[in-house]
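**Student:** Mind having a look at this structure? Questions to follow.
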Amino acid sequence: MKPEYAAWIEANCPGTQSGLCHSKSVAMQKVFPELILCRGYYSSPVDGSQGHWWLKTADGEIVDPTVRQFVMGTMGSYEEYNLAIHGELPIGKCMNCGDEVFESMNPPSSCMCSNECAVSFDAYINEETKR
């Protein structure tokens, strides 16, 4: 990895906090526009397979500003999302069960994967507000 990439990551991505992979990758790409934004999956025997964002160079070298969130770090593998292989691109995770949500699912909310999850989550929220 180029020293300027490593220096940017060190200065802008301290710690191991998760959930910042998209925003940190986009921020780094603004500083280094030659980097290519990638979306897909990070996998390792310890961390499992997780949806993730990272960057790569034109010759395919991975530049992951938030790799510290993973226990196995750079020893994990990256798989770019491929519509031909994976199908429709997920737009998020279901607030009820955690499964991926796809735009074409057309549930009552884009935060739910199905009508069943929407009903279950609604019942949970309504029960909590009664307390």
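**Student:** Any number yet on Rg/Rh for the chain, C-alpha, Kirkwood?
**Tutor:** Rounded to two decimals, Rg over Rh is 1.06.
**Student:** Still on this structure: At a 1.4 Å probe, what is the % contribution of carbon and sulfur to the accessible area of the chain?
**Tutor:** 54
**Student:** How large is the Kirkwood hydrodynamic radius of region 19-67, in angstrom, based on all distinct alpha carbon pairs?
**Tutor:** 11.0
**Student:** Moving on. Dipole size in debye (nearest 20) for the chain around its Cα centre, Lys and Arg Cβ +1, Asp and Glu Cβ -1?
**Tutor:** About 360 debye.
**Student:** Stretch V31-I125 to full length: gain in nm at 0.36 nm per residue minus the Cα-Cα span?
**Tutor:** That pair, V31 and I125, stretches by 29.7 nm at full extension.
**Student:** May I pose another question? Per residue of the chain, what 222 nm ellipticity follows from adding -39500 (n - 2.57) for every DSSP H run with n ≥ 4, rounded to the nearest 500?
**Tutor:** -9500 deg cm²/dmol
The values are calculated or read from the model by the stated rules, or taken from the named source; none is laboratory data. Computed from a predicted structure; not experimentally measured. Glycine also receives a Cβ, built like all others from the backbone with ideal geometry; neighbour counts cover every protein chain displayed. For accessibility, only protein heavy atoms count, side chains too; no ligands or nucleic acids. Shrake-Rupley method; radii C 1.70, N 1.55, O 1.52, S 1.80 Å.
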